Amino acid sequence: MNISIIGTGYVGLVSGACFSEFGFNVTCIDKDKNKIDNLNKGLIPIYEPSLEDLVKKNVKAKRLFFSNKLSEDFKNSDAIFIAVGTPTNIENNKADLKYIYQVAKEIADLIDLNDKPKLIVTKSTVPVGTGKKIEEYILNYRKDLQLNKHFEVASNPEFLREGSAIEDFMRPDRVICGVESNYSKAILEKLYRPLNLRETPILFSGRETAELIKYASNGFLATKITFINEMADICEKVGADIQEVAKGIGLDGRIGTKFLHPGPGFGGSCFPKDTRALSEIAKEAGTNTRIIDSVIKVNEIRKINMVEKIKYTLAPLENKSISILGLTFKPNTDDMRESPSLVIVPELVKITKEIKVYDPAGMPAAKKMKEFNGVKWKNNTYDCIKGTDAIVLITEWNEFRALDLDKVKMLLNNPVIIDLRNIYKPVSMNELGFKYVSIGRGGI
Ligand SMILES: NC(=O)c1ccc[n+]([C@@H]2O[C@H](COP(=O)([O-])OP(=O)(O)OC[C@H]3O[C@@H](n4cnc5c(N)ncnc54)[C@H](O)[C@@H]3O)[C@@H](O)[C@H]2O)c1
C-alpha cells in the first residue's frame, strides 16, 4: 500500500512515521519547503519523544519519504490523508478550513480519469459535514469527475496526544473510520490491520458520525478537566484536598481516574479550538452546547485567576523577581499553542520587577511570541531560579519533579513556590521550610 499524507505537522509526521513502521510506503508532503528540506537532512521539526528514531529508521528502510509536492507520488497512492491545520477562524470562532480546501483543490487537479478511485481521508479535525462538502467542492471544481468512480472521501479523525504521540498512534484505545462505501472501508481496514491484529477496536461508522466523535471526545475531556478545576476551587475554600477528591471519584469505574488533574486551565492546539468549533457546529445545526459554552468561559477565566492567585501569594509584586518553570501547554512537547503561560506570563511581566523563564523544549517557539516580550530567558532550572523571590511552576516537566530542593532553597531569595500542577506534597514542602502554594489543597 502507498500512502500520501498532506501536512507534515504533529499529526502528519507522526502518522507518516507510524504507517511506514507498519510496512507501508509513505510520502509526507508539506508546503513548507524549509521543513521538508530539513526532514530530508534528518532534522525533525518538532519535539516528540521517540519520533526522531522512528523517522530515521523508516527513511533508512526506504519506506518513508518527504516532499513538498503532491504530484510526485499521487498516481501510486492508495490513500491520501489530509493532516493540515484547522485553527480557529478568529472572525467567527469556527474551524478555519482554508488549508483543507487548498488541499482538496490540489488533489482534484491531479485526479486522473483512468486511475482507480482515489481515497481522500480527513485526519485533520474537521466540522461535521466537511467530508460531504469536500466531495461537493471537488465535483463542482472538476465537472468531469464522478463520485465513487474517480474519488471518495472518508473520515479518520486522530486522537494522539502530543508528548506520547507515537505510543498513542501505535496503541490507540480505538480507531474511528467514517466511510460511505465498501471501497473506502476495505482500504482503511487494510491500513489499520496491524492494529486490529493487536485487538485495537476499529469502529466503522458513517462519515458525519466519525467527524462528531472527534469533537465529542475533545469536548468531554475538556469538560472533565474544567470540572476538576472547579472542584479544586471548592477544596481551597473548604479545606479539602483535590488530589484525594480526584482519586476518590476516579476510582468509580463510571468516572475513571484520567483527566482529573487540576491545573491552570487547558490549552494546546486542540481542546480550545475544538470546543469553540463544537459550539459553532451546534449553532449552525440549530441547537446549542450550553455545557461546552460554560467550559470555554470557565477555562478562560481560570487562566486569569491563576494570576490573581500569584498576586495574592506574593503581594506586593512591584519589586519582585519571579522565575517561571515551564511554558508549553503540557510536558514532552514544544507546542506553545494556547498555553496558559501565554496569559499568565505577560500579566506578570506588567506588574513585577523581573520575570525569568525556562522551559526544556518550548523556548525556541516562545522566543518568537510577543507575549514573552520583556522576559529574561534562562538555559536551565537553577540559573532561572537564582536570585528570584518565588518560583511559579506552570508545566509539569519531569525535570521539575525531582529538583534538588536544598539547592533551590539556597538559590531563592525567599523559599516560595507556587505550583500550578501539584507536583510536590504540601506537608513535605512545608517541613523543608518552603512557603508552598498549589492547586486545591487548602490554604488560599
Ligand atoms: N496536534 C495534535 O495533538 C492533534 C491531535 C489530534 C488531531 N489534531 C488535528 O490534526 C490537524 C493537524 O494538526 P497539527 O497539530 O498536526 O498541525 P500543524 O500545524 O502541526 O501541521 C500542519 C501542517 O500542514 C501544513 N500545510 C498546510 N497547508 C498545506 C498544504 N496546502 N499542503 C501541504 N501542507 C500544508 C503546514 O505547513 C503544517 O506543517 C488539525 O486539524 C488538528 O486539530 C491534532
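Suppose the filter is outside the structural domain of Asn89 (by TED's automatic domain parsing), in contact (Cβ under 8 Å) with a residue 60 or more places away in the chain, at negative phi and surrounded by fewer than 18 Cβ atoms within 10 Å (Cβ to Cβ); does Glu300 pass it?
So Glu300 does not fit the description; no.
So is Tyr192 in the same structural domain as Leu13 (by TED's automatic domain parsing) and over 19 Å from Val84 (Cβ atoms) or not?
In short, yes.
Considering only segment 74-87, I want to know if a residue exists there that is buried (at least 24 other Cβ atoms within 10 Å of the Cβ), charged (D, E, K, R), not in a strand (DSSP E or B) and not assigned by TED's automatic domain parsing to the domain that holds Ser269.
no
Condition test on Leu39, is it in the same structural domain as Pro172 (by TED's automatic domain parsing), more than 30 Å from Lys116 (Cα to Cα) and modelled with pLDDT of 95 or more?
yes
Please indicate, with yes or no, whether at least one residue in segment 30-41 is within 16 Å of the ligand (Cβ to nearest atom) and within 25 Å of Leu188 (Cβ to Cβ).
Yes - at least one qualifying residue is present in segment 30-41.
Report whether or not Ser20 is surrounded by 24 or more Cβ atoms within 10 Å (Cβ to Cβ) and either without any contact (Cβ under 8 Å) to a residue 60 or more places away in the chain or not assigned by TED's automatic domain parsing to the domain that holds Phe81 (or both).
The answer is yes for Ser20.
Please go through segment 56-73 and give me each residue that is away from the ligand (no atom under 11 Å from the Cβ), crowded, with 16+ Cβ neighbours inside 10 Å and modelled with pLDDT under 95, ordered by number.
Asp73
Considering (1) under 25 Å from Glu162 (Cα atoms); (2) surrounded by fewer than 13 Cβ atoms within 10 Å (Cβ to Cβ), say which one Leu420 fails and leave the rest.
Every listed condition holds for Leu420 apart from (2).
Among the helices (runs of 4 or more DSSP H) contained in segment 96-183, which hold 2 or more residues that are more than 13 Å from the ligand (Cβ to nearest atom) and farther than 22 Å from Leu203 by Cα?
Per the criteria, 130-141.
Taking into account only those residues within segment 228-272 that are within 16 Å of the ligand (Cβ to nearest atom) and not hydroxyl-bearing (Ser, Thr, Tyr), which is surrounded by the fewest Cβ atoms within 10 Å (Cβ to Cβ)?
Among those residues, the one meeting the criterion is Phe259.
Among (1) assigned to a loop (DSSP other than H, G, I, E, B); (2) touching a helix residue (DSSP H, G or I) at 6+ places or on another chain (Cβ under 9 Å), which single condition is Val245 missing?
Status for Val245: all satisfied but (1).
Considering every residue within segment 318-339, establish whether at least one is out of contact with any helix residue (DSSP H, G or I) (no Cβ under 9 Å at 6 or more places or on another chain) and within 16 Å of the ligand (Cβ to nearest atom).
yes
Go through (1) in contact (Cβ under 8 Å) with a residue 24 or more places away in the chain; (2) on the phi < 0 side of the Ramachandran plot; (3) more than 10 Å from the ligand (Cβ to nearest atom) and name the single condition Asp53 misses.
(1)
Give me a count of the residues in segment 161-187 that are hydrophobic (A, V, I, L, M, F, W, C) and more than 14 Å from Ser50 (Cα to Cα).
Total meeting the criteria: 6.
Kindly indicate which of Thr313, Thr223, Thr287, Thr275 is away from the ligand (no atom under 16 Å from the Cβ), under 27 Å from Tyr10 (Cβ atoms) and among the hydroxyl-bearing types (Ser, Thr, Tyr).
The conditions single out Thr223.
How many of the residues making up segment 130-156 are over 33 Å from the mean Cα position of the chain (by Cα) and closer than 14 Å to Val179 by Cα?
So the answer is 2.
Evaluate segment 375-392: report whether one residue or more is surrounded by 18 or more Cβ atoms within 10 Å (Cβ to Cβ) and closer than 22 Å to Cys270 by Cα.
no
The values are calculated or read from the model by the stated rules, or taken from the named source; none is laboratory data. Predicted model, so just to flag it, every value in this text is computed and none were measured. Cβ sites come from the backbone with ideal geometry, for glycine too, and all protein chains shown count toward neighbours.
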